[in-house]
Each structure stands twice: as C-alpha cells, then as structure tokens.
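Taking it in order: structure first as structure tokens, then the write-up.
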Protein chains: 2
Amino acid sequence: MTHTASTTSAERDAMERALLLARVHGVPGPNPRVGCVLLAPDGAVLAEGYHRGAGTPHAEVDALSRAAAAGAEVRGATAVVTLEPCNHTGRTGPCAQALLAAGVARVVVGQADPNPLAAGGATTLREADVEVVEGVLAGEAAQLNRAWTFAVTHGRPFVTWKFATTLDGRSAAADGTSRWISSPAARRDTHRLRGECDVMLVGTGTIVTDDPLLTVRDADDQPLPVQPLRVVMGERDLPGDARVLGPDAETLHLRTRSPREALEALHAREARHVFLEGGPTLAAAFVADGFVDEVVVYVAPLLLGAGRNAVADLGITTITDALHLRVVDAGVVGEGDETNVRLVLRPPTREGEA
Amino acid sequence: MTHTASTTSAERDAMERALLLARVHGVPGPNPRVGCVLLAPDGAVLAEGYHRGAGTPHAEVDALSRAAAAGAEVRGATAVVTLEPCNHTGRTGPCAQALLAAGVARVVVGQADPNPLAAGGATTLREADVEVVEGVLAGEAAQLNRAWTFAVTHGRPFVTWKFATTLDGRSAAADGTSRWISSPAARRDTHRLRGECDVMLVGTGTIVTDDPLLTVRDADDQPLPVQPLRVVMGERDLPGDARVLGPDAETLHLRTRSPREALEALHAREARHVFLEGGPTLAAAFVADGFVDEVVVYVAPLLLGAGRNAVADLGITTITDALHLRVVDAGVVGEGDETNVRLVLRPPTREGEA
C-alpha cells in the first residue's frame with residue numbers, strides 16, 4: 001500500500017533521507033532502526049533525528065529535540081518517519097504524544113508498526129486531527145527492520161544459519177584440516193552479516209573444539225564498538241579459560257539443547273536476530289525443529305571428495321522428505337582466484353509472506 | 001589485438017552478422033562454427049555464408065556460391081569472416097585459394113586460425129596482394145569456438161564435467177532415491193549444454209545402474225536432429241538391451257578405464273567437446289588426471305543431511321591438497337520455488353590463458 005499520490009516530492013525525499021539515517025545510525029538490538037525528518041510547511045528541512053538503540057530517544061523525539069535546540073518552529077510542521085510513531089510508554093514515552101505536544105500538523109509514515117504492544121500511533125494522531133499518510137516506501141522501511149519485524153510478529157528471534165562448504169559438501173578434509181575453506185572475502189562478508197545481528201549462537205561443542213572468540217570485526221579487522229551477545233547452548237560446562245568468557249563482549253550460557261527453549265530465553269531478553277554458526281549438530285536441531293528462517297551458504301570452489309560433512313544428519317532418509325528451501329540470492333564474493341559463492345535461501349514461501 | 005581503426009562500420013556490422021550466422025547455423029563437431037559476409041566496395045552486402053558441419057562447404061565458399069548464384073560481382077569485394085580462411089586441403093579445398101580465385105580484394109578476419117594444420121591463410125592472401133585485417137571481434141569469435149580452439153591447440157577434446165548436488169553435497173538420499181534433485185529448469189538447461197557438445201560420456205556403471213538413453217532434447221522436449229556421439233567407458237560388457245545401444249544416436253564403447261586413452265581415441269575421431277556426466281568414479285578419474293577443463297554444478301536448494309555423495313573420493317586427505325577451481329559464473333536457473341543455482345568453474349588460470 002503506497003500513497004505517493006498524496007505526498008509531496010519534499011516528503012518523499014525526506015523519507016529517503018530518513019531511511020538512510022536509520023540505516024547508518026541504527027544498531028541491531030531490541031529496537032527497530034528508525035529515522036525522522038521534520039519539514040516546514042514549505043518543505044524546508046527543520047531537523048533530522050534517528051534512534052541509536054534501546055534506552056536512547058526515539059527518532060521522532062530526537063528530531064524534535066534538535067529542532068528545539070536550533071530554535072526551529074515545529075508547530076504546523078510535517079514529521080516524516082520510517083516507522084509508525086509508537087503509542088506506548090516503554091523505556092521512553094510514546095512518540096505519538098510527543099508529536100502532538102509539539103504541534104506537528106502532518107505525519108508521513110513508512111512501515112506500519114507490527115508490534116502489538118506499540119501500535120496505534122497513527123490512530124492516536126488522527127483522532128487528534130493530525131493528518132497521517134501511511135505506507136510511503138513501506139517495503140524499504142520493512143526490509144530495514146526485517147528481523148525485528150519478524151521477532152515482534154512471531155514472538156521469537158529471526159534465525160540466520162550460516163555454514164561454509166566445499167562444492168562437494170565438506171567442511172574439512174579427512175584429516176580434519178579446514179584452513180581455509182572460506183576465502184578472505186567470504187570471512188569478511190561473514191563478519192558484515194554477524195554485525196547485523198544481536199546474538200551469535202554456537203553449541204558447547206564448538207567452544208570446546210575451536211575455542212572461538214565470537215566477536216565481530218569490521219572491514220579493517222577491528223572489533224565493532226557494539227558487539228552481539230555471545231550465546232553458547234548446551235548442557236556441558238564451558239572450560240574456565242574459554243576465550244568466549246573473556247571481556248570482549250557479553251556471554252550467556254544457555255544450559256539447554258532445545259532450540260525452542262533457547263529462542264524463548266533469547267526472546268525474553270528482546271533478542272531479535274540470531275546468527276547461528278555451529279556446530280553442525282546444533283544447526284541440525286534448529287533445522288529439524290523448523291527454527292531456521294534464513295540460510296547463508298558460502299560455497300568454496302574446492303573439491304575434497306572426502307572429509308567432514310558440512311551439514312549433519314537431519315534424520316532424512318528419502319528424497320521426498322528432503323528439506324526444501326528457495327534461493328533468494330546467488331552471487332560471487334571476492335575477486336580473481338579468491339572467490340566464493342554466497343547463496344541466501346529461505347524456507348518455502350509461507351502464506352501471506354512476500 | 002583489434003584493428004577497429006582500420007575497418008569500416010559496414011565491415012564491423014558484417015562481422016557481427018557473420019558471428020550470428022555462425023552461432024545460429026553452426027553445429028558441434030570436428031569443424032569450427034564460421035560465418036562469412038561478402039561486401040561490395042560501397043559496403044553493400046553481396047552474399048552471406050556459413051558452415052554447416054564437416055563435409056559441407058566452408059563459410060567463405062558458401063558465401064561465394066551464393067554470390068555467384070545471385071549474379072553478384074565479387075571481384076574487388078571484401079570478405080568478412082569470423083575465422084582466418086584455411087590454407088589447407090582437407091575435406092574441402094583451401095578457402096584462401098577460393099577467395100583469391102574469386103578476386104576478393106580485402107579480407108576482414110575475426111579469430112586467427114589456431115589449427116596448425118590449417119593456419120597460414122592470412123599470409124597466403126597477403127602474398128597475393130589481398131589486404132587482410134585481423135582480430136576484429138576476435139574475443140567473441142574465439143568464444144564461439146572455445147572447445148574447438150582448445151582441442152586443436154591441446155590435441156585433445158575439451159572436457160565439461162557436470163554434476164548435480166544438494167546444498168550439502170548429496171546426489172541421492174540414504175535410501176538411494178534422487179528424483180528429482182535437479183529442477184525441471186536445471187534439467188532443460190543441462191540438455192542445452194549437452195547440445196553444445198559432440199560427445200556424451202558416461203561409465204559402464206551408469207549404463208548398468210540407470211540405463212540412460214543419453215540423447216539430447218530441445219526446450220520442447222524433442223530430440224535434437226543432430227545428436228552427440230554416445231560414449232561409454234569401461235571394461236565391462238554392456239547389457240545387450242541397454243537403451244544406449246538403440247538407434248537414437250551413434251554409440252561407442254571404449255574398453256578402457258584410462259581418461260587419457262579415452263581422450264586420445266576421441267581426439268583421433270576429431271571429437272572436440274566431451275560432456276562428462278557420470279558416474280562419480282569416472283568423474284573422479286578425470287579430475288585426478290587433470291582432464292577436467294570446466295565444471296558445471298547444479299546446486300539444488302535441498303538439504304538431506306545424509307545419503308550418496310555427489311563427488312566420489314579423490315584421494316585427497318588434507319585441505320592443502322584440495323582441488324581448487326575458480327568461479328566463472330554463478331546464477332539462478334528457473335523461477336519461483338523451482339530454482340536451482342548453476343555454478344560454472346574452471347581450473348585456476350594457467351599462464352597465457354584468459
């Protein structure tokens with residue numbers, strides 16, 4: 001549903017700008033990425049705002065504060081905001097009330113709020129005689145917060161499972177060596193994807209075997225300032241000197257083998273996007289229970305002919321029971337002789353989903 | 001090496017046309033695909049010609065015949081031809097002499113003839129005071145005949161190995177079922193690629209196990225009018241009632257397990273492009289001996305977690321011995337929920353190759 005006919009070009013430009021602000025300044029976490037641009041009645045930009053994560057002001061309030069600091073006249077202005085203003089008092093007060101109090105006359109909205117706890121802002125505004133236009137660049141706005149949208153709609157985090165494999169389905173050679181199956185470009189790309197999530201999830205076996213640090217590094221190989229929560233699943237104790245227990249990021253040990261229990265615990269902590277990397281047994285449990293929402297596969301152009309399987313037994317014995325996915329993206333990562341293929345797959349289209 | 005500065009726009013248009021004629025009318029087989037356009041001194045098209053396979057006139061002779069039939073004046077004309085005119089008497093007489101006899105004044109050439117037996121046409125023409133421009137759209141011309149060029153240069157056919165796999169490297173489920181791992185679109189695409197080859201190669205094991213017909217069908221599921229040679233490799237006898245022994249196409253049983261011996265026998269028959277499909281043991285032998293020049297992998301978006309491996313043991317036990325390929329193409333075949341990913345890979349760039 002788009003209403004471009006009822007928006008001005010200044011408003012549409014402002015929505016593009018608000019989406020950019022949300023994309024650049026937003027962080028993974030409990031709250032969605034949101035951007036807001038305040039426009040004077042003549043279309044001039046009065047102020048911009050964005051949300052910087054849980055506990056900081058919402059984008060609308062941020063923009064109003066900046067307008068006030070600049071001495072701009074907000075009464076009669078238009079607020080262009082990527083997500084429907086919230087209607088509830090959470091860590092901050094409801095944005096719909098803040099916009100009303102500031103005397104904003106018109107609100108242009110991207111994505112409707114899918115969060116049942118916070119929705120209703122548009123209605124509140126309309127009932128107070130504010131003009132509201134919804135659904136402007138709604139697709140882009142929803143894509144920006146696809147994991148958050150999924151999580152508040154489904155009551156559990158969105159799960160991305162990543163694995164690396166050779167062309168012939170191997171994750172290591174027969175003698176156990178695997179450095180490096182993924183190319184440097186694929187490893188950098190993996191860090192980029194990890195940085196979009198708020199949870200890094202592995203099993204206790206991976207900690208015992210590989211002792212990974214599980215931090216996320218940027219393109220310059222520096223740790224990100226905000227690290228995802230490191231979560232280790234499984235009933236075994238962790239070695240006291242495991243690197244994952246170090247100070248580089250927060251770590252949580254969930255003493256369960258049940259994907260459902262783990263996701264419930266993570267949802268209770270308002271986790272929105274889980275990046276599941278290993279090991280194969282843990283991944284197989286998530287697959288078997290239907291808790292994998294996206295699969296990212298880095299295919300290395302290597303043949304081993306033997307070795308460790310990239311994907312563990314799934315209890316499937318005949319072809320008609322194979323787990324079917326759909327390919328949403330296939331492309332080459334890296335350059336020259338150092339390329340890997342990255343495939344992104346999702347479960348078959350469910351009713352009512354795009 | 002391109003000489004566009006020394007060609008007219010009519011000549012460059014004629015080369016595009018000649019390439020199209022070669023592509024559309026050429027057939028896989030001992031001879032390259034070649035197209036030819038004869039231009040009057042004012043750039044008008046006098047006649048077109050193309051080669052339709054071994055034993056039929058070469059493109060230049062075809063174009064000269066058509067010009068003669070139409071009563072066109074060829075003396076002083078320009079011949080635009082996708083491949084350097086041959087200089088030898090094979091099944092037909094040398095084209096360089098035919099062009100000289102017809103009084104052609106200028107020859108514009110795409111690819112230089114890589115065949116040591118036939119090369120030298122440009123020199124012969126120049127020595128007879130014909131103006132020769134070489135290397136016009138040479139890259140496209142060489143691509144058109146890449147398998148043939150490889151074969152006459154390396155003294156053996158170009159080998160394309162195709163296999164289909166699930167995301168996790170399986171070709172069948174644990175109970176042996178595999179219909180269908182490849183989507184209908186991937187199967188159609190495989191027939192398209194088979195149709196570009198002149199040999200379909202399988203092992204005796206595949207004949208015994210699957211009893212395939214090994215014919216090539218077009219997009220409408222009709223058999224192609226010209227079928228590749230069906231070649232079965234291995235020391236076992238073939239069942240007398242094997243479908244591959246039927247009248248649908250010619251069949252050759254090579255009683256050897258040696259890829260080198262098989263390729264020598266096929267080269268002696270002037271085979272240029274072998275499409276190797278199965279089984280895994282035969283493919284592994286070609287891989288191990290370095291006789292795979294291109295790998296086409298159809299990756300089905302399926303997970304099995306167990307089952308038959310798509311690639312057989314290659315004698316590789318440690319990661320540093322893995323067979324490295326480079327990705328030359330990665331894309332999606334088919335639409336909607338029925339997509340497969342097609343990867344095209346080649347051995348690492350060898351010195352002097354593009």
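Might you tell me the accessible area per residue for chain A, computed with a 1.4 Å probe and given in Å²?
Each residue of chain A exposes 43 Å² on average to a 1.4 Å probe.
Ballpark to the nearest 100 Å², how much total accessible area do A and B bury together, probe 1.4 Å?
On the way: alone 17050 and 17070 Å², together 30350 Å².
The buried area between A and B, both sides summed, comes to about 3800 Å².
Only sites in a loop by DSSP and with at most 12 other Cβ atoms within 10 Å count here; which GluC sites (Glu not before Pro) in the range B:1-107 make the cut?
In loop regions of the range B:1-107 (DSSP not H, G, I, E or B), the sparsely surrounded GluC sites (Glu not before Pro) are B:E73.
For a quick check, take a GNM of chain B with Cα springs below 10 Å and name the residue from B:A18, B:A102, B:A147 with the largest mean-square fluctuation.
Fluctuation is largest for B:A102.
Kindly identify the range A:115-178 as rounded, prolate or oblate by the Cα gyration tensor criterion: order the square roots of the eigenvalues as a ≥ b ≥ c, call it rounded if a/c is under 1.5, otherwise compare a/b with b/c, prolate if a/b is larger, else oblate.
Note, shape of the range A:115-178 comes out prolate.
Measuring nothing but label to label, 7 Å from Cα along Cα→Cβ, what are B:G90's distances to the other copies in nm, shortest first?
7.3
Sort out the exposed loop trypsin sites (Lys or Arg not before Pro) in chain B (DSSP loop, at most 11 other Cβ within 10 Å) and tell me the longest stretch that has none.
So the longest stretch without any such site is B:180-349.
Take chain A, connect every pair of alpha-carbon atoms lying under 10 Å apart with a spring to form a Gaussian network, then pick out the residue of A:V226, A:V61, A:V159 with the largest mean-square fluctuation.
A:V226
Scan chain A for the residue whose Cβ is closest to the axis carrying it onto chain B, then write down that distance in whole angstrom.
A:G169, 1
Which distances in nm, rounded to one decimal and ordered from shortest, link the label point of A:G290 to the equivalent label points in the other identical copies, with labels set 7 Å from Cα toward Cβ?
Ordered by increasing distance: 5.3 nm.
Between copies, how close do the B:D241 label points come, placed 7 Å along Cα→Cβ, listed in nm from shortest?
So the label point of B:D241 gives 7.0 nm to the other copies.
Got a sec to turn the phi values of the range B:228-240 into Karplus ³J(HN,Hα) couplings, 6.51 cos²θ - 1.76 cosθ + 1.60 with θ = phi - 60°, whole Hz, x for Gly and Pro?
Residue by residue, the range B:228-240 yields x, 5, 8, 10, 10, 10, x, 8, 5, 5, 8, x, x Hz.
Specify the residue with the greatest mean-square fluctuation among A:G203, A:G43, A:G135, computed from a Gaussian network of chain A linking alpha-carbon atoms under 10 Å apart.
Ranking A:G203, A:G43, A:G135 by mean-square fluctuation puts A:G43 first.
Out of the total accessible area of the protein assembly as shown (probe 1.4 Å, heavy atoms of protein only), what percent is carbon and sulfur?
On the protein assembly as shown, the fraction of accessible area on carbon and sulfur atoms equals 50 percent.
Rounded, prolate or oblate, given the Cα gyration tensor of the protein assembly as shown, with a/c below 1.5 counting as rounded? Don't skip to the end; give the middle numbers.
Details: a/c = 2.81, a/b = 1.62, b/c = 1.73.
Oblate is the answer for the protein assembly as shown, as a/c is 1.5 or above yet b/c matches or exceeds a/b.
The values are calculated or read from the model by the stated rules, or taken from the named source; none is laboratory data. Keep in mind the model is a prediction, meaning the values are calculated, not measured. Positions of Cβ are generated from backbone atoms using ideal geometry, with glycine treated the same way; all protein chains shown enter the neighbour counts. These area figures cover heavy atoms from the full protein model, side chains too; ligands, DNA and RNA do not enter into them. Shrake-Rupley method; radii C 1.70, N 1.55, O 1.52, S 1.80 Å.
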